[in-house]
Amino acid sequence: MTITSKHPYVLSLLDKDPNLHTLFETVKETTIPFDNDGFHFLIFTITGQQLSANVAYIIFNRIKALIHTLTPTSFLKLSDQQLRDVGLSFRKIETMKAVAQYCIKNNFNFNTFLDKKKMASLINIKGIGHWTLDMYEMFVHKNLDHFSYLDLGLVEAIKHLYPKPLQTIDDIKKVTKRWSPYQSIVAHFLWEYWDMHHKGKRND
């Protein structure tokens, strides 16, 4: 799903919050890479913990090359050594296998993971936190009105954009409420903006 700065969602957001003008003038468009496979998304998210996106994709593609179709059952057939050889740490392997076992035991819908109550229960697994659940809500459940206050990039991007100092999460929540029902749309633009800011890039 690609959203440009001229999209009706964006125009509606600008009416609600004029402070977003700088964001949409800097980032002309963003693409939201929705994922219809919940298990696929979780394995990728765990892979990418504390890694750059490029490195995460390289390792994740190596995992997919080991098996024809990535499912909890097929993943559990891989040995720890196979997963170590593609670049995963023991901690990540442990988390991934725990997720796969949990999915099988609790009879998750492996294709879409649409059961939100079961999804929330994954928080009991070491290595799965509320940030992961936020990302799942945005990318797999495709909730356009969700925002992660645990994502450092999003929080710092907002602080950078807004003229009034925002000191607490409550301050930031007051801002993001204006963006409903398109909080996730703004989040994707904010990620692009923060990447540009960090890397010193300029929009063409």
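Quick one: residue 150 ticks every box in (1) free of Cβ contacts under 8 Å to residues at least 60 places away in the same chain; (2) under 12 Å from the mean Cα position of the chain (by Cα); (3) surrounded by 16 or more Cβ atoms within 10 Å (Cβ to Cβ) except a single one, so which number is it?
(3)
Which of the residues that make up the stretch 121-147 are surrounded by fewer than 16 Cβ atoms within 10 Å (Cβ to Cβ) and among the hydrophobic types (A, V, I, L, M, F, W, C)?
123, 131
Tell me whether the stretch 51-67 contains one or more residues that are within 16 Å of residue 193 (Cα to Cα) and either assigned to a loop (DSSP other than H, G, I, E, B) or out of contact with any Cys (no Cβ under 7 Å at 6 or more places or on another chain) (or both).
Taking every residue of the stretch 51-67 in turn, at least one turns out to be within 16 Å of residue 193 (Cα to Cα) and either assigned to a loop (DSSP other than H, G, I, E, B) or out of contact with any Cys (no Cβ under 7 Å at 6 or more places or on another chain) (or both).
So is residue 79 within 21 Å of the chain's Cα centre (by Cα), over 30 Å from residue 197 (Cβ atoms) and among the polar types (S, T, N, Q) or not?
So residue 79 fails the test.
Pick from the stretch 150-193 the residues that are outside any helix (DSSP H, G or I) and of a type in the set (A, V, I, L, M, F, W, C): which of them is modelled with the highest pLDDT?
150
The values are calculated or read from the model by the stated rules, or taken from the named source; none is laboratory data. A quick note: this is a predicted structure, and the numbers were derived from the prediction, not measured. Ideal geometry is used to build each Cβ from the backbone, glycine not excepted, and the neighbour counts take in all protein chains shown.
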